[in-house]
């Protein structure tokens, strides 16, 4: 269970997450995390938060943010605001370490999304490029629809995938928190 000070190391992507404030610390008002990108990373699949806004501040280095199809580069001291429902991805396209601090407002159950994505990656469930297959993506979306949705396929298509995979998703419930 996520708690202040917990560090999650994603061995595949090279991104470490440090929980600064969790939902229980803030009464659900927000989740605050520090992400450390140790080296250049691949762009992860786009996603969005249907019920949350996100604020990212670059502490060191340079990061890339794809926000609603537009690529932005942010350097130390820059802040990027991501409104509810905006499709985005955050990654380090540069050959130097980058550190960001970010908030999801409100917190909802987002720390569990992050824990589960890291668990799946570290268990080798992801593809070589760090991306989850449709089955695992459906499982995450089924469990956390208010916090996290994939940018592609569309939300109606994701719901169809959840319906089709639901019998298998139930078998897999023990693999996720």
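One table, with the values for the structure above:
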{"read-out": "Check on residue 29, surrounded by fewer than 18 Cβ atoms within 10 Å (Cβ to Cβ), touching a residue at least 24 places away in the same chain (Cβ under 8 Å) and not in a strand (DSSP E or B)", "value": "yes"}
{"read-out": "Selection count, the stretch 93-120, where residues are touching a strand residue (DSSP E or B) at 6+ places or on another chain (Cβ under 7 Å) and either outside any loop (DSSP other than H, G, I, E, B) or under 17 Å from residue 54 (Cβ atoms) (or both)", "value": "14"}
{"read-out": "Members of the stretch 1-26 that are surrounded by 16 or more Cβ atoms within 10 Å (Cβ to Cβ) and at positive phi", "value": "14"}
{"read-out": "Any pair with Cβ under 6 angstrom, 6 or more apart, that starts in the stretch 46-64 at a residue that is at positive phi and without any contact (Cβ under 8 Å) to a residue 60 or more places away in the chain and ends at one that is surrounded by fewer than 16 Cβ atoms within 10 Å (Cβ to Cβ) and not in a strand (DSSP E or B)", "value": "61/96; 61/97"}
{"read-out": "Selection status of residue 2, in contact with a helix residue (DSSP H, G or I) (Cβ under 7 Å, 6 or more places away or on another chain), in a loop (DSSP other than H, G, I, E, B) and farther than 20 Å from residue 137 by Cβ", "value": "yes"}
{"read-out": "Residue in the stretch 113-123 that is surrounded by fewer than 19 Cβ atoms within 10 Å (Cβ to Cβ), over 14 Å from the mean Cα position of the chain (by Cα) and on the phi < 0 side of the Ramachandran plot present", "value": "yes"}
{"read-out": "Complete set of residues in the stretch 32-41 that are part of a strand (DSSP E or B) and out of contact with any helix residue (DSSP H, G or I) (no Cβ under 9 Å at 6 or more places or on another chain)", "value": "34, 35, 36, 37"}
{"read-out": "Considering residues of the stretch 17-47 that are modelled with pLDDT under 95 and under 13 Å from the mean Cα position of the chain (by Cα) only, the residue farthest from residue 92 (Cα to Cα)", "value": "47"}
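Conditions tested, residue by residue: (1) over 23 Å from residue 152 (Cβ atoms); (2) in a loop (DSSP other than H, G, I, E, B); (3) in contact with a helix residue (DSSP H, G or I) (Cβ under 7 Å, 6 or more places away or on another chain).
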| position | (1), (2), (3) |
| --- | --- |
| 16 | yes, no, no |
| 24 | yes, no, no |
| 43 | no, yes, no |
| 57 | yes, no, no |
| 64 | no, no, no |
| 74 | yes, no, no |
| 80 | no, no, no |
| 84 | no, yes, no |
| 89 | no, no, no |
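The values are calculated or read from the model by the stated rules, or taken from the named source; none is laboratory data. Computed from a predicted structure; not experimentally measured. Cβ atoms come from the backbone with ideal geometry, glycine included; neighbour counts cover every protein chain shown.
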